[in-house]
Amino acid sequence: MQYNTSELCDFYADLIDVIDPIFFNYGGRNSFAGKVVTIKCFENLGLINDMARIDGTGKVLVIDGGGSTRRALINLKIAQYAVNNGWEGIVCYGSVRDVDALEELDIGIQALAAIPVGASDQSIGDTDVAINFAGVTLLPDDYIYADNTGIILSPEPLDIK
């Protein structure tokens, strides 16, 4: 399904928060939405790898990677796991790698930057916690909507019909 964040902002201005425009689209989908699942970690991707392997139908994985552009938290393997398990998208307050291959996958991926250096595979961090970046606080079970124009957040699903 295609989402238009500009129209959603017009219709739901009092309900939504707008995430600061610091992200770039790296995935094969330019529009995605779903229920927020959070991870907080720094320069290690073990928890992300684990989460991408579970059912993500109707969900968006939102990662607070501390804004690091030194190590990639999303790689081709993790993104492929996410596709295989039905995730709608990934928003990463951090970096990605394998960008040419990510563009070929049927998943939305928004991140700060690309870098060829991979992160540690340790499972250090937290899941299902409130995270704060880009001017908003994201809670597990919020709803996120993204397209090439921007990313918005809502405490409840938006009627887009």
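The values are calculated or read from the model by the stated rules, or taken from the named source; none is laboratory data. Here the structure is a predicted model, which means the values were calculated and not measured. Here Cβ is always computed from backbone atoms with ideal geometry, including for glycine, and neighbour counts include all displayed protein chains.
Numbers at a glance
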{"read-out": "Condition check for ARG29: under 15 Å from the mean Cα position of the chain (by Cα), basic (Lys, Arg) and under 22 Å from VAL99 (Cβ atoms)", "value": "yes"}
{"read-out": "Residue tally, condition surrounded by 14 or more Cβ atoms within 10 Å (Cβ to Cβ), assigned to a strand (DSSP E or B) and over 13 Å from the mean Cα position of the chain (by Cα), over the range 124-161", "value": "3"}
{"read-out": "Residues located in the range 65-80, provided they are of a type in the set (A, V, I, L, M, F, W, C) and out of contact with any Gly (no Cβ under 6 Å at 6 or more places or on another chain)", "value": "ILE74, LEU76, ILE78, ALA79"}
{"read-out": "Filtered residue count, the range 1-28, keeping only those that are over 20 Å from LEU139 (Cα atoms), touching a Gly at 6+ places or on another chain (Cβ under 9 Å) and surrounded by fewer than 18 Cβ atoms within 10 Å (Cβ to Cβ)", "value": "2"}
{"read-out": "Qualifying position, being over 14 Å from THR127 (Cα atoms), in contact (Cβ under 8 Å) with a residue 12 or more places away in the chain and among the aliphatic types (A, V, I, L, M), among ILE74, ILE48, ILE39, ILE54", "value": "ILE74"}
{"read-out": "Matching residues in the range 101-123 - criterion: being over 14 Å from PHE24 (Cα atoms) and surrounded by fewer than 20 Cβ atoms within 10 Å (Cβ to Cβ)", "value": "ALA101, GLU104, LEU105, ASP106, PRO116, VAL117, GLY118, SER120, ASP121, GLN122, SER123"}
{"read-out": "Complete set of residues in the range 50-67 that are of a type outside the set (Lys, Arg) and either buried (at least 19 other Cβ atoms within 10 Å of the Cβ) or modelled with pLDDT under 95 (or both)", "value": "MET51, ALA52, GLY56, VAL60, LEU61, VAL62, ILE63, ASP64, GLY65"}
{"read-out": "Enumerated strands (runs of 3 or more DSSP E) restricted to the range 17-115, each holding at least 2 residues that are closer than 19 Å to ILE151 by Cα", "value": "32-40, 59-64, 89-96, 108-114"}
{"read-out": "Index of the failed condition, MET1 passing every other in (1) over 21 Å from ILE115 (Cα atoms); (2) modelled with pLDDT of 95 or more; (3) over 14 Å from the mean Cα position of the chain (by Cα)", "value": "(2)"}
{"read-out": "Filter pass, THR137 being more than 18 Å from LEU8 (Cα to Cα) and of a type in the set (Ser, Thr, Tyr)", "value": "yes"}
